[in-house]
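Engineer: The structure follows.
Here, each number is a calculation from the coordinates, and none is a lab measurement. These figures come from a predicted structure and were not determined experimentally. Glycine gets a Cβ as well: all are built from the backbone with ideal geometry, and neighbour counts include every protein chain shown.
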Amino acid sequence: MRASPSILSDMSDPTETASARPDERPRSSAEKETFSSGGNRGRIYLRGKWGLAVDTALLWATGYSLMTKQYAAAQGLSYQSTLILTTIGARTGKLRRAGLPYFRVGADRVVRGSNGGGPTDPHWCYNVRAHPTAWVRIGWKTHPVRGHVASGEEREKLFERLSRLSPTTQAYQDMCAPRELPLVVLRPWSPADS
């Protein structure tokens, strides 16, 4: 049985999840927005494809994401630094961009493949698995990176660290279960390193 927006809207605490109800993971955009906003979907104004396009342009020009800001504010959390990840499409080979909040872990940047707590990984996770070479834009600078989805001990350590930094890490893992929340490591790389 799919989750109805009314079930998800009852979850006002971003750490309160439906881990016991994996069949009720959010599937529609509205359900994902409701979960990701901590049940405060009415506070989300920038949404859908046009919202992503506007946010990506703004993020590219200013280094600031209104999309990230509005979701953080809806949950009563602070703004989290956001990067633009450019990947090579797994099937098309075309360049694809996504604005993603990130965590700095040493020289690496780590992003979570939450997809709003939905049942599938976001498109950019598939792209990184197929083509690890990618680019991140932070502020006004673009840098090449090599991406990989953390696994085993590396994932355990990263998950523990990210859970301490943000309560939404555990909430997203609980909601998207039994899917494992991908933690994607973006490591600085230079073509000269090859």
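Engineer: Between Arg155 and Tyr45, what is the label-point separation in nm under the 7 Å Cα-to-beta-carbon projection?
Structural biologist: So the two model labels end up 3.9 nm from each other.
Engineer: Would you pull out the residues with amide H under 5 Å of Arg25's amide H, same chain only if 5 or more places away, H placed 1.01 Å from N?
Structural biologist: Excluding prolines and chain starts, which carry no amide H, the hits are Ala3.
Engineer: Find how much the distance from His143 to Arg104 grows on full extension, using 0.36 nm per residue of separation minus their present alpha carbon separation; answer in nm with one decimal.
Structural biologist: So the chain would gain 12.6 nm between His143 and Arg104.
Engineer: Would you calculate, for the chain, the mean residue ellipticity at 222 nm contributed by helices, counting each DSSP H stretch of 4 or more residues as -39,500 (n - 2.57) and dividing by all residues, to the nearest 500? Kindly include the intermediate steps, with their values, before the conclusion.
Structural biologist: Values: 7 runs with 69 residues, N = 194.
So the helix-based figure for the chain works out to -10500 deg cm²/dmol.
Engineer: Treating cross-link reach as a plain straight distance, find the lysines whose alpha-carbon is under 28 Å from the alpha-carbon of Lys141, omitting any fewer than eight places away in the same chain.
Structural biologist: Reachable lysines: Lys49, Lys69, Lys94.
Engineer: If you take the charge dipole of the chain about its Cα centre, with +1 on Lys and Arg Cβ and -1 on Asp and Glu Cβ, which of Pro167, His143, Asn115 is farthest toward its positive end?
Structural biologist: Value computed over the given set: His143.
Engineer: Still on this model: Taking springs between alpha-carbon atoms closer than 10 angstrom, which of Ser78, Ser37, Ser114 fluctuates most in the Gaussian network model of the chain?
Structural biologist: In the Gaussian network model the winner is Ser78.
Engineer: Cα convex hull of the chain: mean projected area in nm², to one decimal?
Structural biologist: Averaging across all directions leaves 11.0 nm² for the Cα convex hull.
Engineer: Still on this structure, I have one more. Given Cβ point charges of +1 (Lys, Arg) and -1 (Asp, Glu) and nothing else, what value in debye, to the nearest 20, does the dipole of the chain about its Cα centre take?
Structural biologist: Magnitude of the dipole: close to 720 debye.
Engineer: Using a Gaussian network model of the chain whose springs link C-alpha atoms within less than 10 Å, name the residue from Leu66, Leu165, Leu83 with the highest mean-square fluctuation.
Structural biologist: Highest fluctuation among the options: Leu165.
Engineer: What FRET efficiency comes out for the pair Ala73/Arg27, r = Cβ-Cβ distance, R0 = 25 Å, nearest 0.05?
Structural biologist: 0.50
Engineer: Shifting gears a bit: For region 97-194, which chymotrypsin sites (Phe, Trp or Tyr not before Pro) pass both filters: DSSP loop (anything but H, G, I, E, B) and at most 12 other C-beta atoms within 10 Å?
Structural biologist: Loop-located and lightly packed - Trp140.
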